[in-house]
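Written out below as structure tokens is the structure these notes cover.
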Amino acid sequence: MATAKTPPVELEVGPHTVRLSSPDRVYFPETGATKLDLAQYYLAVGDGIVNALRERPCMLHRFPSGLAGDKVHQKRVPAGAPPWLETVEVFFPRYSRTADELCVTELAHVIWAVQMSTVEFHPWNSRRADVEKPDEWRIDLDPGDECDYDRVRRVAHVAHEVLDELGAVGYPKTSGGSGLHVYVRIPPEHGFQEVRRAALAFAREVERRAADDVTTAWWRKDRDPALVFVDYNQNTRDHTIASAYSVRGVPDARVSTPIRWDEIDDADPRDLTIATVPRRYAEIGDLHADIDDHVFDIAPLLEWAERDEADGAEAPQD
């Protein structure tokens, strides 16, 4: 005898009602967390996830059958989306095509995406006012396969030191995997290639100060797997990483969680999940809330890039 399906639930999100079908579908087998649990998590961190995604083209990582099924990378908003959903058109030169990507401006857009089985939100580092001019410099501390998390923490402190010397305010977060991310707000005055060039200059400075822990080698085959790759490539056009407060598609439902610099040595990514982050958020709020108030001009980094290239270093490869 077939099991009766659980009826949909209706969630009031601001001025909109979002109908959530299959609310009891298990998305995370390790914990038993369901689609409804996922939606309730995003409601609990609403201001934070909207702040992280606001006005940015956003690719959705969807799991229509939960983590046990296939993962779908979706750029285009499908036909039949509600009229209040907002999008931004982006062009993909490789295919000579455009796509209307989700452009979050309110929490109902996020919950609609959850209804569409989205677990992860991967926004661009530019906004729809000018999608070709990033306003976010992303520092991705990406550990190799044989790199332990203590090494990632050491490199994070070096990155913080360099940012302080530059006068840049960095906003760290766990990746939700095995690394750390740091975001810096920048004026939207440069194209992706220049921002990436600046990011590489920063990465090389971190490598100089922490040569035993860091690599900036372009090709994976050239990297020591025990080191941290300071991945400047995350500033390439249409390269995206999970936003602050995005859940990750891993069995324990980890969250890419903003942390304070003084938490680097103690925060364990395994402890930051959809079950624990809502309470933390209720207690301390959004640690990235004021990121737009601290804008850093990348001119010094471009000067470093010119210096390095004059000394024979390569510019970022396409």
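The values are calculated or read from the model by the stated rules, or taken from the named source; none is laboratory data. Every value quoted in this text rests on a predicted model; they were computed, and no experiment measured them. We place every Cβ from the backbone using ideal geometry, glycine too, and count neighbours over all the protein chains shown. When the accessible area is computed, the model is the full protein with side chains, heavy atoms only, and any ligands, DNA or RNA have been set aside. Shrake-Rupley method; radii C 1.70, N 1.55, O 1.52, S 1.80 Å.
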### Message
Among the residues of segment 127-147, what is the count of those that are more than 30 Å from Asp213 (Cβ to Cβ) and either at pLDDT below 95 or in contact with a helix residue (DSSP H, G or I) (Cβ under 8 Å, 6 or more places away or on another chain) (or both)?
### Response
1
### Task
Name the strands (runs of 3 or more DSSP E) wholly inside segment 35-142 in which the number of residues that are within 13 Å of the chain's Cα centre (by Cα) is 3 or more.
57-62, 118-123
#### Entry: Among residues of segment 10-34, those that are in a strand (DSSP E or B) and in contact (Cβ under 8 Å) with a residue 40 or more places away in the chain, counted
10
### Query
Which residue out of Val88, Val50 is at pLDDT 95 or above, closer than 24 Å to Ala289 by Cα and touching a Pro at 6+ places or on another chain (Cβ under 6 Å)?
Val88
### Query
Among Gln234, Gln317, which is of a type in the set (S, T, N, Q) and part of a helix (DSSP H, G or I)?
Gln234
#### Entry: Residues satisfying the stated conditions in segment 194-222, i.e. outside any helix (DSSP H, G or I) and among the β-branched types (Val, Ile, Thr)
Val214, Thr215, Thr216
### Task
Quickly run through segment 264-283 and pick out the residues that are open to solvent by less than 70 Å² (accessible area, probe 1.4 Å) and either among the hydrophobic types (A, V, I, L, M, F, W, C) or not in a helix (DSSP H, G or I) (or both).
Ile264, Ala267, Asp268, Leu272, Thr273, Ile274, Thr276, Val277
### Glu165 modelled with pLDDT of 95 or more and either assigned to a loop (DSSP other than H, G, I, E, B) or open to solvent by 20 Å² or more (accessible area, probe 1.4 Å) (or both)
yes
#### Entry: Unique match (being touching a helix residue (DSSP H, G or I) at 6+ places or on another chain (Cβ under 6 Å), among the basic types (Lys, Arg) and either farther than 15 Å from Val255 by Cβ or at pLDDT 95 or above (or both)) among Arg19, Arg62, Arg25
Arg25
### Summary
Of (1) more than 21 Å from Tyr183 (Cβ to Cβ); (2) open to solvent by less than 30 Å² (accessible area, probe 1.4 Å); (3) not charged (D, E, K, R), Ile259 fails just (1)
### Query
How many residues does segment 63-106 contain that are under 22 Å from Glu12 (Cα atoms), open to solvent by less than 40 Å² (accessible area, probe 1.4 Å) and in contact (Cβ under 8 Å) with a residue 40 or more places away in the chain?
5
### Task
With respect to Arg260, determine if the residue is at pLDDT 95 or above, of a type in the set (D, E, K, R) and under 23 Å from Glu205 (Cα atoms).
yes
### Task
Being out of contact with any strand residue (DSSP E or B) (no Cβ under 7 Å at 6 or more places or on another chain), within 19 Å of Trp137 (Cα to Cα) and not hydrophobic (A, V, I, L, M, F, W, C) is the filter; apply it to segment 199-225 and report the residue that is least open to solvent (accessible area, probe 1.4 Å).
Glu205
### Task
Filter segment 293-314 down to residues that are open to solvent by less than 70 Å² (accessible area, probe 1.4 Å), part of a helix (DSSP H, G or I) and either touching a residue at least 60 places away in the same chain (Cβ under 8 Å) or among the charged types (D, E, K, R) (or both), then give me how many there are.
7
### Test set (1) of a type in the set (Asp, Glu); (2) more than 17 Å from the chain's Cα centre (by Cα); (3) more than 30 Å from Pro93 (Cα to Cα) - Asp286 fails condition number
(2)
